[in-house]
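Undergrad: For reference, the structure I am asking about is given below.
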Amino acid sequence: MKLQRHLDAVKDDLEQLAALADEQVSEAARRITSALESGLRVRLLDVLSEAATELSWTIEGGRVEVRIAGGDPELVFFEEERAVAPAAEPGEDSGARITLRLPESLKGEVEAAAARDGVSVNSWIVSALARTISTEGTRRGTGPGRRRLTGYGRS
């Protein structure tokens with residue numbers, strides 16, 4: 001994606017507006033326009049990064065990243081391998097038990113997702129938690145487009 005084309009279009013729009021004023025105002029507008037270019041580039045990259053993050057949360061089985069090549073950004077999709085819950089060691093307890101309270105609608109969605117993946121609900125939840133923890137370093141922060149797990153655990 002060529003950002004410079006978009007930056008030039010914004011610059012042209014601002015210069016056209018500046019041409020409507022007297023020469024002193026036009027010159028000041030041209031200087032401001034030149035100074036804004038690097039800031040606009042950063043803001044556009046921020047927008048692309050946020051879009052990639054939101055897409056990553058809505059697309060199953062992968063994530064979208066922004067890569068910068070030669071100064072121009074590109075959106076790249078990466079498929080993620082399914083996290084498989086580790087098998088318990090012989091003689092080891094099968095794991096900790098927790099009680100999880102879910103809204104009925106979410107429970108239905110979890111059951112449907114587990115059926116679609118051909119695994120039990122428990123295995124699906126363990127895999128989803130493992131994926132979330134393994135990608136925690138690359139997906140930090142909160143806000144629109146972020147998913148959070150909240151609740152209480154009891155052992």
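Undergrad: What full-extension length gain, to one decimal in nm, is calculated for residue 26 and residue 3 as 0.36 nm per residue of separation minus the Cα-Cα distance?
TA: The residue 26-residue 3 span can extend by a further 5.8 nm.
Undergrad: Put a dot 7 Å past each Cα toward the Cβ at residue 35 and residue 113; how far apart are the dots in nm?
TA: Once both label points are built, they end up 4.8 nm from each other.
Readers should treat all values here as calculations from the given coordinates under stated rules, not as data from a laboratory. Everything quoted here is computed from the prediction, not taken from an experiment. Every residue, glycine as well, gets a Cβ built from its backbone with ideal geometry; the counts of neighbours run over all protein chains shown.
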